[in-house]
Amino acid sequence: MVCPSLVVSSWVLAPPLLVERGIVAEPTFALVLRWAMWPATGLLVAGGLTALLLKWKVISRTFRDLSVKGGGSSDFPLSVVVIGVVVLSVLLCVLQAVSLDFPVWLTIVSLVLSFLLMLVGTRVLGETNWAPISAMANLMQAVFAVLAPHNMAVNMIGSGMSGSVAANGEHLMQDYKAGKIVGSNNRHLTIVQLLAVPVGAIAVALVYPALKARYGIGEQGLTSPVSVKWAGFAELLHQGLAALPAGCMEAMLIAVILGVIITCLEPRYRRFVPSPTGVGIGMLVPGFAVMPMVLGGICQWLWARSHPKSEKTYSLPLASGFIAGEALVVLAIALAAMMGLKW
């Protein structure tokens, strides 16, 4: 759960102090976030990379046990997979070169790194139930900062592509696991996933502009803590430490140290230490978005204490319904506004 104290610190206590010291001109979401994002980014990146390093044995087994054996009759032939990879890789190189002016050789590098990240991420997810998506993306940002220094566009595109492939690989494994539980097989699941790609792409192309036009981005609009962290890390790699607002370098260093310490303590003292991810997200998301999560967590805790059997049975579907229901209502309002309907 997101730590309430960090929400209060970032969005109640910090703004007047930052204004008083002349660090920000006024206590608005955008200006305060510009400062708070740096310690939050330090905490998230340090926690994610430390957690990945602590699982080095899992990573080493990924490459030691790499094999194509064990495929059954329900799997796609390896030859079909190879042909598909080659054809789609060529199309991706052309698409990114034409539409994004992204060098072909960097696309190839991204694809190779994506394959390695996907192997590591999938293995870590399978053995620990933890998907190191954010840590992988930050690692790729550092790699592309070396390959194409002082080029923020290359950093964002290359690391985004590599991180997305790794993330989708991890998500696919969860889908395949669910498919196995309901009695499906790998071939059918693969066909369904391939059919879902264009459907998902079309849905995003239609829905995102509608949501952006209706609600906007940033303060009082749509927020994405991971995107803020990702953009901030790219800016740091691109412009150097001189680009940081006053005082946030010290705060970021403290956050990095805390992120490493908390992550090292987490496996043994999970009940007593906060999650670096939860704390970092709490510093990036405005209070009006976080407090419902906090109140929901308190309600769930009270429910579990008073009636643990019903909480275990119904809390997950109830929470899922709240999340899905809110998303559908928000989407319906945005689409109606796009079509000129008034509520």
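Taken over region 320-343, the residue count meeting the criterion of being touching a helix residue (DSSP H, G or I) at 6+ places or on another chain (Cβ under 7 Å) and assigned to a helix (DSSP H, G or I) is 6. One residue stands out among those in region 141-158 that are crowded, with 22+ Cβ neighbours inside 10 Å and under 16 Å from the mean Cα position of the chain (by Cα): the one that is farthest from T107 (Cα to Cα), which is Q141. Test L53 against the criterion of being of a type outside the set (S, T, N, Q) and at pLDDT 75 or above, and give yes or no. Spelling it out, L53 is indeed of a type outside the set (S, T, N, Q) and at pLDDT 75 or above. Looking across V45, V68, V32, V2, one residue alone is at pLDDT below 70 and surrounded by 16 or more Cβ atoms within 10 Å (Cβ to Cβ). It is V2. Evaluating P245 against the criteria (1) surrounded by 13 or more Cβ atoms within 10 Å (Cβ to Cβ); (2) outside any loop (DSSP other than H, G, I, E, B); (3) modelled with pLDDT under 75 leaves one unmet condition, (2).
For (1) assigned to a helix (DSSP H, G or I); (2) modelled with pLDDT under 75; (3) over 17 Å from L236 (Cα atoms), each residue gets a yes or a no:
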residue	(1), (2), (3)
W105	yes, no, yes
L113	yes, no, yes
V124	yes, yes, yes
L139	yes, yes, no
F144	yes, no, no
H150	no, no, no
N155	yes, no, no
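Against the conditions (1) surrounded by 17 or more Cβ atoms within 10 Å (Cβ to Cβ); (2) among the β-branched types (V, I, T); (3) at pLDDT 75 or above, V199 satisfies every one except (1). Candidates in region 248-298 are the residues that are polar (S, T, N, Q) and under 30 Å from F322 (Cα atoms); of these, the one that is modelled with the lowest pLDDT is T277. Considering region 305-320, the residues that are within 22 Å of the chain's Cα centre (by Cα) and closer than 21 Å to A289 by Cβ include one that is surrounded by the fewest Cβ atoms within 10 Å (Cβ to Cβ), namely S320. Per the conditions (1) modelled with pLDDT under 70; (2) in a helix (DSSP H, G or I); (3) aliphatic (A, V, I, L, M), the sole criterion not satisfied by V12 is (1).
The values are calculated or read from the model by the stated rules, or taken from the named source; none is laboratory data. This one's a predicted model, so the numbers in the text were calculated from it and none came from an experiment. Neighbour counts are summed over all protein chains in view; Cβ atoms, including those assigned to glycine, are modelled from backbone coordinates with ideal geometry.
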